[in-house]
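Some notes on the structure that comes next.
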Amino acid sequence: MEISFEKVGKSTKNAQKNVETLKRCVKMGIELTEIDKKILSEVSDNARIPAKALARKINVHPNTLLQRMKRLQSKGVIQGFHGYLDYGQLGLDLHLVIMMKLTHINPGDDTVKLKEILKMRELEAFYSLTGEWDAITIWRVRDRQHLSEIIRQITATPAVSKTLTNLILHTYRAPHQFNPLK
């Protein structure tokens, strides 16, 4: 399927983003209409927007909106709705990145060998990498003592051979702010 568009002033960037999003969805077998893209854009910015307000904002009937939302959920495009918490107010004042070098892990064995780390409730995210480090993990902990306990648990895991810990000082853009449809 060939997708093209005309470049028209300031709308060029938006048109390019929309085309790229559409290409990705077509590759995955999901066809997104302009209404679908508007729904996704609005919901990714504010998942709590009432259905009637969203329908009015994107100029569709509320029943149409609800049908589209259900279809997007059933296709896995919308995978859930989440609240974004202030972890500092929950006593988790330190936000960390811990890089890991792993011992040789065969594909399929990774979740078994890393099971203890993946179960740790302080773990926010775990990503497998290419390059010098094998994994990058994001953590939320109470204080330095709690951090020390976490590092001790990680390094006691046979699958981990080395770590590098960095404290996140400021978050200028968080993952929940990502919206490729805007």
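The values are calculated or read from the model by the stated rules, or taken from the named source; none is laboratory data. On a predicted model such as this, the values are computed, not experimentally measured, just so you know. Quick reminder, even Gly has a Cβ in these numbers, built from the backbone with ideal geometry, and neighbours come from all protein chains shown.
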Given (1) outside the structural domain of Ala135 (by TED's automatic domain parsing); (2) at pLDDT 90 or above; (3) assigned to a loop (DSSP other than H, G, I, E, B), Leu92 misses just (1)
Are any of the residues in region 96-112 surrounded by 10 or more Cβ atoms within 10 Å (Cβ to Cβ), under 21 Å from Thr171 (Cβ atoms), outside the structural domain of Ala47 (by TED's automatic domain parsing) and not aliphatic (A, V, I, L, M)? no
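Which of the following residues is at pLDDT below 90, under 30 Å from Val160 (Cα atoms) and among the hydroxyl-bearing types (Ser, Thr, Tyr): Thr103, Thr12, Thr21?
On the way: Thr12 fails: under 30 Å from Val160 (Cα atoms); Thr21 fails: under 30 Å from Val160 (Cα atoms).
Sole residue among the options that is at pLDDT below 90, under 30 Å from Val160 (Cα atoms) and among the hydroxyl-bearing types (Ser, Thr, Tyr): Thr103.
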Any residue in region 28-37 that is within 19 Å of the chain's Cα centre (by Cα) and either assigned to a loop (DSSP other than H, G, I, E, B) or modelled with pLDDT of 90 or more (or both)? yes
Leu169 fails exactly one of (1) out of contact with any helix residue (DSSP H, G or I) (no Cβ under 9 Å at 6 or more places or on another chain); (2) more than 30 Å from Leu40 (Cβ to Cβ); (3) surrounded by 13 or more Cβ atoms within 10 Å (Cβ to Cβ), namely (3)
